[in-house]
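**Q** What follows is a single structure, and I will ask about it in a moment.
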Amino acid sequence: MRKVYLDHAATTPAHPKVVEAMMPYFTGKFGNPSSLHDMGREAKDAVEKARGETAALIGARPEEILFTSSGAESNNFALKGLAQAYSQKGKHIIVSQIEHFSILHPAKTLEKSGFAVTYLETDKEGLVDPGDVEKAITKDTILVSVMHANNEIGTIEPIEEIAKITREKGVLFHTDAVASVGWVPVDVKALGVDALSLSGHQFYGPKGAAALFLRKGIRIKPLLEGGIQEDGRRAGTENVPAVVGLGKAAELAAAELPRRATYVSSLRDRLQRGLLEKIDHVVVNGHPTRRLPHNLNVSMWYVEGESMLLFLNMEGVSVSSGSACTSRSLKASHVLVCIGTDAAVANGTLLMTLGTGNTADDIDYVIEKLPPIVQRLREMSPLYEDMIKKEKVR
Amino acid sequence: MEQYSSKVMEHFAHPHNVGEIENADGVGTVGNPVCGDVMRLYIKVDNNVITDAKFKTFGCGAAIATSSMVTDLVRGKNIDEALKISNQAVAEALGGLPKVKMHCSVLAEEALKSALDDYYKKKGVPSPVKLPQESGHEHEME
């Protein structure tokens, strides 16, 4: 059976060159970067090389890159670490309602410890209005966090415009770029952000290595204390092989990015066209043009997402029904609710995220397999039955 | 999330008794599309015995599997026996359900009770069925 992996927003495979670069650091070059002997030096050099490669991908300086274990850690670090470091200046934070839970939950936690948080709405396509950011900023505001691209609907936010406002107002600006780095050009200077999260396994790096860009001169309170690593800002022995892998993935992404984006977006467009042609009562969520090249988020009316996912899985096709944590909560995705998708329709949503390993044949296979699944489930659906009966009355 | 049992996957992939019954003696619809599942159960009753049961369900794998199982369990039972079918019985017959999906078995029990209640109403007889006030359809927090 054909295997088609369309869940690259969940994770990507590590690139063979990434794995190759990592291998020596498990065995022969296993030293601890904090050790003063040659073995330590060798590991330290590898970590610093990776820091340079990661910085280069986003137009940062090496010393502005802090390695972390995951995108979630980078986001927690940015929100809690910056809020606490600047709490004597003010206690108000602004985030959007469509942020990842690794921003929203720390925001809730900060609220419990005396911070005030404003949760900005978006429009129907998932865009935050920079004007809303400006209006929400008060004398007490210290931090704004708006994601670069949404991980579910793929909408790319007007980060440059928001950064202009935060700079004028003297407010820190963090962006969660976990979904976008490696897929669209990200340059911290052009974006004008003070902090940015990225994660290696989103763009063919290994799991377990991510980074927080922190513009030079900005303070942050560590989440993890008790070590000198990362300039004393994140204690814990570095995950050297994974960090080396992240560096390699960054180097490859920098070289291949335009080609990758063009390739996956043409396949995504083919998939979207094919599905819209063959399935009725279907909507594409997100922004028609300002979106990630590998993202397709579609809602099929009258059917439920998990059952589509399970049937696709039986055909060898891996997709997601919204974000994995969202499906565990048994609630319609907070992102789809925010953009005004009817909650019943939101439950019929599939998130398909493409990668460089997908082919046109893979896409055509999915276009062939999904419509009969939707039809079969609709024939089983009381909502579809009611709709057909209403149509007949009309 | 816990994985589904092979029995659940079997009933999900090849559900029994899908469809409608024309001129059914009882029909019950429970659930809410906002919560992600709606079950509609049709029953045919002959001499106090449920001779046929069919369903239509909008929902996840567990919702479809519990619908399939409850229609299997209820066929051939008399009404008193049918009223005793609990959500646990449905879940057990499926080899268990992941914890977060237990509400689907509750929904299956409620769909059956609602169809039986409808049966009494259609007959013009006071219904002995105790319908739950509010569906036991509580959600886990994310």
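**Q** With viscosity set to 1.002 mPa s at 20 °C, what whole-number translational diffusion coefficient in µm²/s follows for segment A:196-341 from Stokes-Einstein and a Kirkwood radius over Cα pairs?
**A** 114 µm²/s
**Q** In 5 Å bins starting at 0, how do the alpha-carbon pair distances of segment B:80-131 split up by percent?
**A** The distribution over segment B:80-131 is 5, 21, 27, 19, 13, 9, 5, 2, given as percents.
**Q** Okay, helix-only estimate at 222 nm for chain A: each DSSP H run of n ≥ 4 adds -39500 (n - 2.57), divide by all residues, round to 500 deg cm²/dmol; what do you get?
**A** -13000 deg cm²/dmol
**Q** In the structure shown, do any of B:K7/B:K44; A:K278/A:K331; A:K80/A:K112; A:K331/A:K390; A:K91/A:K169; B:K56/B:K123 have a Cα-Cα gap over 19 Å, and if so which?
**A** B:K7/B:K44; A:K278/A:K331; A:K331/A:K390; B:K56/B:K123
**Q** Would you kindly calculate the translational diffusion coefficient of segment A:163-216, applying Stokes-Einstein with the Kirkwood radius from alpha carbon pairs, for 25 °C and a viscosity of 0.890 mPa s, and quote it in µm² s⁻¹ without decimals?
**A** Estimated diffusion coefficient is 208 µm²/s.
**Q** To the nearest 10 square angstrom, what accessible area does A:T289 show with a 1.4 Å probe?
**A** 110 Å²
**Q** I've got another one for you. With a 1.4 Å probe and every protein chain left in place, tell me how much accessible area A:F26 has, in Å² to the nearest 10.
**A** 120 Å²
**Q** Could you tell me what percent of the accessible area of segment A:115-253 is made up of carbon and sulfur, with a 1.4 Å probe and every protein chain present?
**A** That share works out to 51 percent.
**Q** I would also like to ask the following. Calculate for chain B the 222 nm mean residue ellipticity that helices alone would give, adding -39,500 (n - 2.57) per DSSP H run of length 4 or more and normalising by residue count, nearest 500 deg cm²/dmol.
**A** Result for chain B, helices only: -12000 deg cm²/dmol.
**Q** Run the numbers on chain A and let me know its relative contact order in percent, using alpha-carbon pairs under 8 Å that are six or more apart.
**A** Once normalised by length, the contact order is 22 percent.
**Q** Let me ask something else. Could you tell me the distance between the Cα centroids of segment B:10-68 and segment A:328-361, to the nearest Å?
**A** Answer, in whole Å: 27.
**Q** Sticking with this one: For B:54-67, what's the mean count of beta carbons from other chains sitting within 10 Å of each residue's beta carbon?
**A** Mean number of neighbouring Cβ atoms from other chains: 5.
**Q** Under a 1.4 angstrom probe, counting protein chains only, how are B:S105, B:S86, B:S6 ranked by accessible area, largest first?
**A** B:S6, B:S86, B:S105
**Q** In a Gaussian network model over chain A where Cα atoms closer than 10 Å are linked, find which of A:G200, A:G232, A:G247 has the largest mean-square fluctuation.
**A** A:G232
**Q** Suppose accessible area is computed on protein heavy atoms with a 1.4 Å probe; arrange A:T122, B:T71 from highest to lowest.
**A** Greatest to least solvent exposure: A:T122, B:T71.
**Q** Sort A:W183, A:W301 from largest to smallest accessible area, using a 1.4 Å probe on the heavy atoms of the protein chains.
**A** Highest to lowest solvent-accessible surface, that is A:W301, A:W183.
**Q** If you line up the Cα atoms of segment A:46-154 on their principal axes, what length do they span on each, largest first, in Å?
**A** Principal-axis extents of the Cα atoms in segment A:46-154, largest first: 43, 36, 22 Å.
**Q** Another question, then. Starting from segment A:3-44, pick out the trypsin sites (Lys or Arg not before Pro) whose DSSP state is loop and whose Cβ has at most 15 other Cβ atoms within 10 Å.
**A** Sparse-neighbourhood loop trypsin sites (Lys or Arg not before Pro): A:K3.
**Q** When the Kirkwood radius is taken over all Cα pairs of segment B:4-104, what Stokes-Einstein diffusion coefficient follows at 10 °C and 1.306 mPa s, in µm²/s?
**A** Estimated diffusion coefficient is 117 µm²/s.
**Q** Output the antiparallel fraction of DSSP beta bridges having both residues in segment A:143-295, as a percent to the nearest 5.
**A** 50 percent
**Q** Could you tell me the accessible area of A:R290 in Å² (1.4 Å probe, neighbours in place), rounded to the nearest ten?
**A** Number for this one is 80 Å².
**Q** Cβ under 10 Å from A:T155's Cβ, A:T155 left aside: what net charge do those residues give with Lys, Arg +1 and Asp, Glu -1?
**A** After counting each charged neighbour, the total is -2.
**Q** Still on this structure, I have one more. Semi-axes, largest first, in whole Å: what does sqrt of 5 times each Cα gyration tensor eigenvalue give for segment A:224-291?
**A** One finds semi-axes of 42, 17, 10 Å for segment A:224-291.
**Q** If you don't mind, there's one more thing I want to ask. Cα axis of helix B:102-123 to longest principal axis of chain B: angle in degrees, 0 to 90, nearest 10?
**A** Between helix and principal axis, roughly 10 degrees.
**Q** GNM, chain A, Cα, under 10 Å: largest mean-square fluctuation among A:D140, A:D38, A:D362?
**A** Fluctuation is largest for A:D38.
**Q** Averaged across orientations, what area in nm² does the convex hull of the alpha carbons in chain A project?
**A** 20.8 nm²
**Q** Rank A:Y365, A:Y263, A:Y384 by mean-square fluctuation in a GNM of chain A with C-alpha springs under 10 angstrom and give only the top-ranked residue.
**A** A:Y384
**Q** Same structure, new question: Of all DSSP beta bridges in segment A:59-184, what percent run antiparallel (nearest 5)?
**A** Taking every DSSP beta bridge with both residues in segment A:59-184, the antiparallel ones total about 5 percent.
**Q** Could you size up the charge dipole of segment B:1-100 around its Cα centre, putting +1 on the beta carbon of Lys and Arg and -1 on that of Asp and Glu, and report it in debye to the nearest 20?
**A** 160 debye
**Q** So what's the gap between the Cα centers of segment B:83-100 and segment A:114-192, to the nearest angstrom?
**A** Centre-to-centre distance over Cα atoms comes out at 47 Å.
**Q** Need one number: % antiparallel among DSSP beta bridges in chain A, to the nearest 5.
**A** Beta bridges within chain A, antiparallel portion: roughly 50 percent.
The values are calculated or read from the model by the stated rules, or taken from the named source; none is laboratory data. Worth saying up front: this structure is predicted, and the values here are computed from it rather than measured. For neighbour counting, all protein chains shown are included, and Cβ atoms are generated from backbone atoms with ideal geometry for every residue, glycine included. Protein only, heavy atoms only, side chains kept; ligands, DNA and RNA dropped before computing areas. Shrake-Rupley method; radii C 1.70, N 1.55, O 1.52, S 1.80 Å.
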